[in-house]
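Novice: Got a structure for you, questions after.
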Amino acid sequence: MTPSSSPLGAVLDGDVPFALIARDPSTVELLTGEVVDVDLLADIPLTDASGAPREVLALVPYRQVRERGFVCHDDGAPLRCLVVTDHIALPRAEVLAALPASPVPLQDAGFDIADEDYADIVRRVIADEIGRGEGANFVIRRDFTATVEAPGVTAALTWFRALLEHERGAYWTFAVVTPGHIAVGASPEAHVSACDGVVTMNPISGTFRHPAGGATAQTLTEFLRSTKETEELFMVVDEELKMMSAVCSDGGRITGPHLKEMSRLTHTEYVLRGRSRLDPRDILRETMFAPTVTGSPMQNACTVIARHEQAPRGYYSGVAALFTPRSQAGAETTSADGVTHDLDAPILIRTAYLVDGTLRVPVGATLVRHSDPMGEVNETHGKAAGVLGAIGAIPRDAPAPDPDAPAIPVSLGDDPDIAALLSSRNARLAAFWLNPQATAGEGPFAGRSAIVVDAEDRFTTMLAHQLRHLGLDAQIVHWSAVTDDQLVEADLVVSGPGPGDPREPGSARLRRMRDVVARRRATGRPLLAVCLSHQILADSFGIALAPLDAPHQGLQKTVDVFGTPASIGFYNTFTARVEPGTTAVGEAEVAADQLSGDVYALRGPGFASVQGHLESILSRDGMTTLERLVWLALAPVDA
């Protein structure tokens, strides 16, 4: 196949905007069309002037978080749409033969932030953000930059060829070339897809950088036994389940864990699936963006990113979103719910960007309570090397020769000991999210209503989902929108979790959450308070609030809840604390740690509270404990 006779001819000549996408081992998809920039996700032009559906590939920048009311450094990066006029599948071997192969030299290469400066940022985030209760984990990026003198299209096609030849395990390998902007990458992670009403998310976390000579079962086992890496994955699964619970009627079910094996890195992953009737653009908006590249809780993560990153993100941590008319897949053009398109959207990570001769490879590390600053520095080097090595910009690692190695390499995920070690992780998790769920609305509290007050942690979506499975008609209301009438009329008010120091007097959000707890208590009607709101309730009884010596972000503990041991996930930096041995304060019965006095739960006439997150995947006993506490809160009404 020569350029003149190939559909790649116009692409190789640089005449048209295009995208090359490899999603399976044998073919490469070539998309060409017209570029249209829009402002909002709702503006993505999925239909033409006559209303006929059309295919669109959208590059969604990080700045779109503004649509959810979140803060960011706004660089004006456009929501760029390639409105597809031609979409053809080409044999991979023929595409490889047509693409340029000469290396593209880099000049003035290096990170924009020095290693020690990045380590200082890590230290500040751990101390000032995680240490003050602003969240469980945060992703802070740095950029590897270089100057490229080769023509942009030549560089893009060269790098795309190198990725096809040398990277493995990618979800999408792609090159998107539009006027003034080039993106080439091999993303390991599908952020969200929607196909025939089934929504899938793929949280990936934990990064094992292959040692020289390649990964082995022994070195991988050491990584899989790391508490930090295991808890990091659990935290991002929790965060993506929040999103799934917001867009899926069945809340989402998790399967895994699995290995994501690539050429220089191996990750651990879960797969989440649920059913949704939403327009795919709405699904994309509700899931902006993956916690694996932002942090949790999501809204506060954006605030922390804006405080600690020195420049806008561009497209890093956004998505490439391919909207395909269902008619192209042989399905009905329009579903019963009016949905016309399916969605496939990988995260824009492991991607090189080229603008005006400057190459930029953004990489980030997930910072948690026990992060080692220099370890996170090394993780960014590993991730950058994964991209740069794959595109041939730096030397590639070559495994040491092994005469006994099989002709076809065996996946380490197939090793029985590795598979058993991965599977053993699920013994720690809540069966509610692992197993098929019963029909919502048929539980013990059927016929009753609940208002869940959202204090800017979308754990409330998971909590509301579980309450519905207990039979309650649960509605989520933002703290700024909940009315005094709602606080009086609902059968149950659930005052939710949120970030921050509960003692902070200057926060409008925290003032309103204190008001929510006080007003509902004044009515004498049932109240359940969770995490931050539990602390606020404890404070109303004069129980002291204090920071923990070490934050309990993503920590699983078995605690006594009024005589019953319960395995619960905790995401708190502050705690209510009594003198050890205290069992009551005023009319509140106290369940507290016998040694520290940390208060895990409260109960009394018309109220109950819990410090942990019963909705978390880390709460093995979450559903049974939640049902107990709802009964306790409702007890005066039922008496």
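The values are calculated or read from the model by the stated rules, or taken from the named source; none is laboratory data. The shown structure was predicted, so the numbers you read here are calculated from the model rather than taken from an experiment. Counting neighbours? That spans all protein chains shown, and the Cβs are built from the backbone with ideal geometry, glycine included.
Novice: Would you mention how many residues in segment 191-214 are in a loop (DSSP other than H, G, I, E, B) and either exposed (fewer than 15 other Cβ atoms within 10 Å of the Cβ) or in contact with a Lys or Arg (Cβ under 9 Å, 6 or more places away or on another chain) (or both)?
Specialist: Of the residues in segment 191-214, 7 are in a loop (DSSP other than H, G, I, E, B) and either exposed (fewer than 15 other Cβ atoms within 10 Å of the Cβ) or in contact with a Lys or Arg (Cβ under 9 Å, 6 or more places away or on another chain) (or both).
Novice: While we're looking at this one, here's another question. So which residues in segment 123-137 are at pLDDT 95 or above and either closer than 17 Å to Ser296 by Cβ or surrounded by 22 or more Cβ atoms within 10 Å (Cβ to Cβ) (or both)?
Specialist: Of everything in segment 123-137, just one residue is at pLDDT 95 or above and either closer than 17 Å to Ser296 by Cβ or surrounded by 22 or more Cβ atoms within 10 Å (Cβ to Cβ) (or both), namely Val125.
Novice: A further question on this structure: Can you work out which of the residues in segment 211-243 that are aliphatic (A, V, I, L, M) and farther than 17 Å from Thr294 by Cα is modelled with the lowest pLDDT?
Specialist: The extreme case among them is Ala212.
Novice: Are any residues in segment 590-612 surrounded by 24 or more Cβ atoms within 10 Å (Cβ to Cβ) and either outside the structural domain of Thr460 (by TED's automatic domain parsing) or not hydrophobic (A, V, I, L, M, F, W, C) (or both), and if so, which ones?
Specialist: Ser609, Gln611, Gly612
Novice: Could you say which residue among Arg514, Arg503, Arg509, Arg519 is in the same structural domain as Phe459 (by TED's automatic domain parsing), among the basic types (Lys, Arg), under 27 Å from the mean Cα position of the chain (by Cα) and over 16 Å from Val630 (Cα atoms)?
Specialist: Going through Arg514, Arg503, Arg509, Arg519 in turn, just one is in the same structural domain as Phe459 (by TED's automatic domain parsing), among the basic types (Lys, Arg), under 27 Å from the mean Cα position of the chain (by Cα) and over 16 Å from Val630 (Cα atoms): Arg509.
Novice: Of the residues Leu618, Leu555, Leu548, only one is in a loop (DSSP other than H, G, I, E, B) and within 24 Å of Thr227 (Cβ to Cβ); which?
Specialist: Among Leu618, Leu555, Leu548, only Leu618 is in a loop (DSSP other than H, G, I, E, B) and within 24 Å of Thr227 (Cβ to Cβ).
Novice: Are there any helices (runs of 4 or more DSSP H) wholly within segment 332-442 with 1 or more residues that are at pLDDT below 85, and if so which?
Specialist: Correct list: 373-390.
Novice: Scan segment 339-363 residue by residue and report those that are among the small types (Gly, Ala, Ser) and closer than 19 Å to Ala393 by Cβ.
Specialist: The answer is Ala352, Gly357.
Novice: Give me the residue from segment 215-231 that is assigned to a helix (DSSP H, G or I) and of a type in the set (A, V, I, L, M, F, W, C) and, out of that set, farthest from Gly251 (Cα to Cα).
Specialist: Out of the qualifying residues, it is Ala217.
Novice: Would you point out which residue out of Ala175, Ala194 is touching a Pro at 6+ places or on another chain (Cβ under 8 Å) and either touching a residue at least 40 places away in the same chain (Cβ under 8 Å) or farther than 23 Å from Val236 by Cα (or both)?
Specialist: Being touching a Pro at 6+ places or on another chain (Cβ under 8 Å) and either touching a residue at least 40 places away in the same chain (Cβ under 8 Å) or farther than 23 Å from Val236 by Cα (or both) holds for just one of Ala175, Ala194, which is Ala194.
Novice: Scanning segment 42-69 for residues that are modelled with pLDDT of 95 or more, out of contact with any strand residue (DSSP E or B) (no Cβ under 7 Å at 6 or more places or on another chain) and of a type in the set (A, V, I, L, M, F, W, C), which turns out nearest to Val11 (Cα to Cα)?
Specialist: Ala42
Novice: For segment 1-40, enumerate the residues that are over 30 Å from Gly169 (Cβ atoms), among the charged types (D, E, K, R) and modelled with pLDDT of 95 or more.
Specialist: If the condition is that a residue be over 30 Å from Gly169 (Cβ atoms), among the charged types (D, E, K, R) and modelled with pLDDT of 95 or more, then Glu34, Asp37, Asp39 are the ones that fit.
Novice: Six or more apart or on different chains, Cβ atoms under 7 Å: show the pairs whose first residue is in segment 626-639 and in the same structural domain as Gly612 (by TED's automatic domain parsing) and whose second is buried (at least 19 other Cβ atoms within 10 Å of the Cβ) and part of a helix (DSSP H, G or I).
Specialist: Going by the 7 Å Cβ cut-off, the qualifying pairs are Leu626/Gln466.
Novice: Moving on to the next point. With the requirement that a residue be part of a loop (DSSP other than H, G, I, E, B), among the charged types (D, E, K, R) and surrounded by 20 or more Cβ atoms within 10 Å (Cβ to Cβ), what does segment 449-499 give you?
Specialist: Answer for segment 449-499, where residues must be part of a loop (DSSP other than H, G, I, E, B), among the charged types (D, E, K, R) and surrounded by 20 or more Cβ atoms within 10 Å (Cβ to Cβ): Glu456, Asp457, Arg458.
Novice: Within segment 168-188, does at least one residue satisfy the condition of being of a type outside the set (S, T, N, Q), crowded, with 21+ Cβ neighbours inside 10 Å and assigned to a helix (DSSP H, G or I)?
Specialist: No; the residues of segment 168-188 include none that is of a type outside the set (S, T, N, Q), crowded, with 21+ Cβ neighbours inside 10 Å and assigned to a helix (DSSP H, G or I).
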